[in-house]
Amino acid sequence: MKLTTPTLLEGVADALRDQIAPQVNDDFAGQAVRMAQSLLRIVARSADDAAHVRITENAAIRVLLGEGAELVQDPAFARRLVEAAESSETGYRISELDAESGRLRTLMIELHAWLEEQQDEACRALDRTIWDAMAEVEQVRIPLA
C-alpha cells in the first residue's frame, strides 16, 4: 500500500474511531473526537479530489472565456480572453492550480461585469451560463463527510 495524504488521514480517522473514541468517557471529549474524525475524512476526500476539481474548473472557465471573446468588441479585451481560453495549466501542484484559477476567475469577473452591461440576447445568455457554471463549481467544492 502506498502512503498518500488521503490514506494517512483516513488511517488517523479510523484510529480515532476505533481506538480513541471508545476509551473517552467524557461526553464533550467524545464529541470532539468524533468531530475530529469527521473533519479528517472530509479533508482526506478533498485532498484526493483537489487536482481534478481545479483542473475541471479551470477548463470550464476557459470555455466561458472563449465564448466571451466572440462577443466582446474591444480587441485588446477579446485578445486577453482568447489567450486565457487557449492557455493550459502551468503546473499541477494545488498552489499552481489555485494561482491559475485566480487568474482565470479574475478575467471571468471582468467579462461577467461587461456582459451585465450589454443588452443583446447572446450576452444575456452567456451571463446566465456563467452564473450556472459558478453555482455548479461551488456545489462540487462542498465537502462531503
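Quick note: the coordinates plus some simple rules give every number you see, no bench work behind them. Quick caveat: nothing in here was measured; it's all calculated off a predicted structure. Here the Cβ positions follow ideal geometry from the backbone for every residue, glycine too, while neighbour counts run over all protein chains shown.
Summary of values
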item: Linear extension gain, GLU121 paired with ARG79, 0.36 nm per residue minus alpha-carbon span; result: 12.9 nm
item: Full-stretch length increase - THR5, GLU89 - with 0.36 nm per residue and alpha-carbon distance subtracted; result: 28.0 nm
item: Highest average packing first - 127-137, 41-51, Cβ atoms within 10 Å; result: 41-51, 127-137
item: Label point at ALA59 placed 7 Å out along Cα→Cβ; residues across region 105-145 whose backbone nitrogen lies under 17 Å; result: 133-134, 136-138, 140-141
item: On Cα atoms only, tilt of 75-85 relative to the major axis of the chain in degrees; result: 30 degrees
item: Vicinal HN-Hα couplings computed from phi for region 13-25 (Karplus, 6.51 cos²θ - 1.76 cosθ + 1.60; Hz; Gly/Pro x); result: 4, 4, 5, 4, 5, 8, 10, 8, 3, x, 8, 8, 9
item: Under Karplus coefficients 6.51, -1.76 and 1.60, residue-wise ³J(HN,Hα) of region 124-140 in Hz, glycine/proline x; result: 4, 5, 5, 4, 5, 4, 4, 4, 5, 5, 5, 5, 5, 4, 5, 4, 5
item: By average C-beta atoms within 10 angstrom, highest first, the peptides 60-68, 31-39, 103-111, 118-126; result: 60-68, 103-111, 31-39, 118-126
item: Crossing angle, helix 94-116 versus the chain [Cα axis fit, 0-90 degrees, rounded to tens]; result: 40 degrees
item: MRE, 222 nm, helices only [DSSP H, n ≥ 4, -39500 (n - 2.57), over the chain, to nearest 500]; result: -26000 deg cm²/dmol
item: Net lengthening on full extension, ALA113/ALA51 (0.36 nm per residue, minus Cα-Cα); result: 19.5 nm
